[in-house]
1. How many of the residues in region 204-220 are of a type in the set (S, T, N, Q) and assigned to a loop (DSSP other than H, G, I, E, B)?
2. Of these, Leu404, Leu353, which one is touching a Phe, Trp or Tyr at 6+ places or on another chain (Cβ under 8 Å) and modelled with pLDDT under 75?
3. Can you run down the residue pairs with Cβ atoms below 9 Å, 6 or more apart or on separate chains, where the first is in region 179-193 and at negative phi and part of a loop (DSSP other than H, G, I, E, B) and the partner is charged (D, E, K, R) and at pLDDT 80 or above?
4. Assess whether Ser347 counts as being modelled with pLDDT under 80 and either over 35 Å from the mean Cα position of the chain (by Cα) or assigned to a helix (DSSP H, G or I) (or both).
5. Give the residue that is farthest from Leu181 (Cα to Cα), with candidates limited to residues of region 221-240 that are in a helix (DSSP H, G or I) and without any contact (Cβ under 8 Å) to a residue 24 or more places away in the chain.
6. Yes or no: Tyr114 under 30 Å from Asn221 (Cβ atoms), among the aromatic types (Phe, Trp, Tyr) and at pLDDT below 90?
7. Using beta carbons and a limit of 6 Å, which pairs, at least six apart or on different chains, have the first residue in region 6-32 and over 11 Å from Glu46 (Cβ atoms) and the second one surrounded by fewer than 13 Cβ atoms within 10 Å (Cβ to Cβ)?
8. Yes or no: Leu197 in contact with a Cys (Cβ under 6 Å, 6 or more places away or on another chain), in the same structural domain as Met168 (by TED's automatic domain parsing) and either modelled with pLDDT under 90 or farther than 27 Å from Asp341 by Cβ (or both)?
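The values are calculated or read from the model by the stated rules, or taken from the named source; none is laboratory data. Note that the coordinates shown come from a computational prediction; the quantities given were computed from them, not determined experimentally. We place every Cβ from the backbone using ideal geometry, glycine too, and count neighbours over all the protein chains shown.
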Amino acid sequence: MVPCQTHVLLKWQEHFNSSWAAEDSVQTTRRQGAAELYNKLLHYKEVVTLAQPVQELVGPRLPDFECESSASAEKEEYLSSLLHSQRWLAHRMLTQTSYTLGLHHRLVVLQRIYYALHSKYHDKFRMQLPSQSTDSGTECGQLELASEPCLPGGLSKVKSGTDVLIEMGVRTGLSLLFSLLQQNWRYTASVHPESVLCNDVLATASSVLTSLPPLSLANENKIPSVGLDCLAQVADFLKKTSVSSGTGGPDPTGRKLALELLLGLAMQRGSLKFLLEWVEVALAASMSSCSTLSSSSSSPSTQQPAVVGFDVIHQTLFQMRQYLGFRGDSVNTQVLNKDADGLCRLSQAALSLFEEICNLASYCLCSCSTDAAAPGTDSDTVMVYVWGSNSSHQLAEGTLEKILLPKLTQGFSDAQ
């Protein structure tokens with residue numbers, strides 16, 4: 001809630017900030033335009049009118065009837081109370097004039113627009129530290145951390161002590177974990193090949209990632225900077241693990257788990273960039289495996305090409321079609337061959353995923369160019385996610401007035 005000088009209560013709704021930031025403030029220069037925007041605030045219940053107090057308008061009490069004349073002090077008090085009531089009555093009448101109402105509408109609307117602009121574009125930035133060095137040879141000073149980008153105008157984000165401690169703990173923890181896993185690979189390769197700690201860690205991470213709701217990591221605005229940095233470090237480690245081969249590196253099972261975990265992260269982030277990166281890593285890992293096989297002097301029975309789980313790839317392709325609302329049968333020319341162990345070649349999986357991306361892109365272009373789908377086609381089950389205002393229960397989600405994150409709902413059927 002925002003304090004206001006007049007008898008209204010301002011309750012800015014955060015999910016309307018984008019709409020108000022797009023409004024033209026020049027419209028408030030006209031009385032009609034300001035009134036329309038103010039009515040919009042009333043409609044969205046961002047401005048709630050309050051009953052004005054009437055205590056100030058109550059006239060002064062007359063002294064009791066007495067035979068003797070009142071004292072001068074009582075007369076002064078009576079006159080002061082009468083003047084006070086007259087002043088409040090004049091103030092009340094002035095606030096009801098068209099000029100005052102128009103000015104009030106302009107001020108409230110401008111306050112709402114500026115609040116939306118501040119929250120959307122400027123709230124996450126702070127001023128530069130006064131003690132920061134400007135002659136260090138870089139635009140953002142010497143003390144800036146490598147993970148924080150330089151902002152326009154020479155400004156940088158200021159971190160608190162708690163943020164620095166959390167980032168330091170996370171960074172050192174990830175570095176320690178990666179070092180232990182690499183050390184375990186080198187140890188198991190020479191002493192205990194049957195006991196690989198890294199495979200257990202990667203399998204546990206994959207199971208945790210699978211249990212998350214779809215697209216849990218898609219909204220990067222909700223992820224702090226240290227979280228994005230951790231995702232980048234984990235992805236870089238998994239890429240190096242997937243393409244590494246030879247003595248002292250991960251075994252084929254470890255590379256397979258790393259590829260599957262990297263693919264799961266790409267699906268959770270919901271961006272084409274990460275899916276294409278996985279295709280690139282998968283092809284590089286397949287080529288590295290082929291090079292190792294050709295240069296290896298051991299028997300072919302002990303060597304095997306790069307593989308990945310068939311069910312993982314098949315489920316990924318199915319989810320991509322499902323989330324996009326794809327209707328119909330797949331037209332992929334790449335056929336995944338499943339072996340007795342439930343695995344498929346990594347090169348085939350990468351090409352199948354890339355072909356599926358191209359097919360879905362073509363489907364999106366075709367669906368956007370037509371106004372309606374062709375009649376007579378059977379529609380698959382479509383999952384509906386809702387978010388936003390639920391003040392009138394229009395989203396059929398119980399008593400929640402506002403849903404900040406997308407939530408899977410069962411209240412809609414036959415959605416297209």
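1. Here is the first cut: in region 204-220, the ones of a type in the set (S, T, N, Q) are 204, 206-207, 210-211, 216, 219.
So of that shortlist, the ones also assigned to a loop (DSSP other than H, G, I, E, B) come out as 211, 216, 219.
Adding up the residues that qualify gives 3.
2. Working: Leu353 fails: modelled with pLDDT under 75.
Exactly one residue qualifies, and that residue is Leu404.
3. Pro193/Asp251
4. no
5. Among residues in region 221-240 that are in a helix (DSSP H, G or I) and without any contact (Cβ under 8 Å) to a residue 24 or more places away in the chain, the one farthest from Leu181 (Cα to Cα) is Asn221.
6. Working: under 30 Å from Asn221 (Cβ atoms): yes; among the aromatic types (Phe, Trp, Tyr): yes; at pLDDT below 90: no.
So Tyr114 fails the test.
7. Note: pairs meeting the criteria are His7/Leu50; His7/Gln52.
8. Numbers: in contact with a Cys (Cβ under 6 Å, 6 or more places away or on another chain): no; in the same structural domain as Met168 (by TED's automatic domain parsing): yes; either modelled with pLDDT under 90 or farther than 27 Å from Asp341 by Cβ (or both): yes.
So Leu197 fails the test.
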